[in-house]
Structures are given as C-alpha cells and as structure tokens.
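Worksheet: the structure to be examined is printed underneath.
Readers should treat all values here as calculations from the given coordinates under stated rules, not as data from a laboratory. This structure is a prediction, so every number in the text was calculated from the model and none was measured. Methodologically, a virtual Cβ is constructed for each residue, glycine included, from the backbone with ideal geometry; neighbour enumeration extends over all protein chains shown.
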Amino acid sequence: MSENILNEIIEILKSAPFNLDDKISQNSEIKMFANWDSLKHLMFMLELEKKFEVEITPEEVTSILTVNNIIKKINEK
Amino acid sequence: MTDKEIDRTEINMKLDHISYAVRSTDESIELFSAIYPIVATYKYLEKNQNVFITYLSNKKDNHKIELVEPAGHPSPVDNMLKSQDTVLYHVCYRVEDFNKAIRYFKNRGFFMITTPFETSIEKGIWACHFFNPKSGIIEITGENKDE
C-alpha cells in the first residue's frame, strides 16, 4: 500500500511542473528537492489533495516535511 | 444542494481590495497617490499575520488598494519581497457568508493556505487565503455566521 503511494508521489514529482530528477525515497526531505521553493510546495500540496482526495490543512502545509509524512497522512484517510 | 452547486450569486462576492506586498509603505503611498489619494488606514498592525496594513482609496471606485508591509519576520510576504520592492499579493473579495464561501472555493480547486482568522482591523470579520497556480492568491473576508 505504502509502496504504491510512494510510486504515485514519485510520479507527481517527476512530471510538470516539478520535473524532479532526484532520487526519491520515503525518507526524502521535501525542502531538499532541487530548486524547491514555497510556490512549488503549495502546488505540490494541491496536487496531493487532488490525486489522493485528502484535505491538507494550512498547518499541515508547514508540518509535512518528508515523503513519509505524506504517506502517513494519506494512510490516515 | 451540494457545495459544487452553490451559485456564485449565493456567495454575493464583491471585489474589496487589491493587495500589494511592499517593502516600504510610505514609498508606495507616494507612488499610488496618483490614483488612490486617500489614505483610509495607515500601517495598522495585523497581529495575526505580523504585517502592517494600509488602505488607499479614491472617491470614484468602490474597491481599495491594500499595502502589506512586514511588521517583523517571519511574515507571509517575506519570500515575495526577497527580490522586489513591491509585488502583487492577492485580490480580495468580500463575501456574505464566509463559511459557505470557503466550501465554494475549496470545491473549485482552490487550496486554503491560511487558517481562517478574525481580522484585528474589523471586529467580527473573518479572513482566509486560497491559492491556485492558475489564479495566484485570493483572499475572502466576511462575517462568520457560525461563530
């Protein structure tokens, strides 16, 4: 289950507008992705909401720091 | 009726202000005075956001210009002002039913980026911000009928 979610997260990050080439694992820190900024972070959160049909609160925007945090959040729904 | 079916007219949304993030309120007032010569509010401290708010208006238009200057750091406009003195920040709509408007925007793909808060400048009026890459940031303000 988590493996599938990880693959879907990777798929989002490798496509536009993120286009990441980084090696992404569960332990990856989001802010360490190449050329990452607050705008990309918001766009990523929006994509996660759409893809996984979860609601991400404004507090979670700042508290979700790793890919693992995202997987945990999605598994909670 | 589902939230998706809420009609825009039900929200009764009106343009309230256009907001700029600014490094220097005074310098921006000077520049904008050619179009908006009335300083309706000057550097009001909005504690919830850690910013100074200034409103400019004129006698002809119903909307205002909002100038948002950091009152300290961190503030929500810090990143925007890293490389520019003034940046278009958001467009704000006044709505009749704040909570209904939140559902309206969320269901249309807008992502909520601030937790709704009661503004310091207008008692009983709540505000929150939304983001979508195709619209930028928008703010809604209005009476929170559930409070």
Kirkwood calc, the stretch A:2-76, C-alpha pairs only, radius in angstrom 12.3 Å
If the chain between A:ASN69 and A:ASP21 were fully extended at 0.36 nm per residue, the gain over the current Cα-Cα distance would be 15.2 nm
Between B:ILE38 and B:ASN79, Cβ-based FRET efficiency (R0 41 Å, step 0.05) works out to 0.85
HN-Hα couplings for the stretch B:26-37 via Karplus (6.51, -1.76, 1.60; θ = phi - 60°), in whole Hz with x for Gly/Pro, come out as 4, 5, 6, 4, 4, 5, 6, 4, 5, 10, 10, x
Counting only backbone N atoms under 12 Å from a point 7 Å out along Cα-to-Cβ of B:ASN99, the residues of the stretch B:106-147 in range are B:144-147
Mean shadow area (nm²) of the C-alpha convex hull around the stretch B:1-118 is 8.2 nm²
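How high is the relative contact order of the stretch B:7-147, in percent, with contacts defined as C-alpha pairs under 8 Å that are six or more residues apart?
Details: 288 pairs, mean separation 35.3, N = 141.
Once divided by the residue count of the stretch B:7-147, the mean separation gives 25 percent.
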So the pair-distance distribution of the protein assembly as shown, from every Cα-Cα distance in 5 Å bins, comes to percents of 1, 6, 13, 16, 16, 15, 12, 10, 6, 3, 1, 0, 0
Applied in sequence order to the stretch B:8-16, the curve 6.51 cos²θ - 1.76 cosθ + 1.60 (Karplus, θ = phi - 60°) yields integer Hz couplings, x standing for Gly and Pro, of 4, 5, 5, 6, 6, 9, 10, 4, 9
With DSSP loop assignment and no more than 11 other C-beta atoms within 10 Å, the trypsin sites (Lys or Arg not before Pro) in the stretch A:2-65 are A:LYS23
As straight-line cross-link partners of A:LYS14, the qualifying aspartates and glutamates (C-alpha separation under 14 Å, not fewer than 8 residues apart within one chain) are A:ASP22, A:GLU47
Amide H neighbours of B:TYR89 at under 5 Å, excluding residues fewer than 5 places away on the same chain, with H built from the backbone geometry, are B:SER19, B:TYR20, B:ALA21
In the stretch B:39-95, the trypsin sites (Lys or Arg not before Pro) that sit in a DSSP loop and have at most 14 other Cβ atoms within 10 Å of their own Cβ are B:LYS47, B:LYS59, B:LYS60, B:LYS82
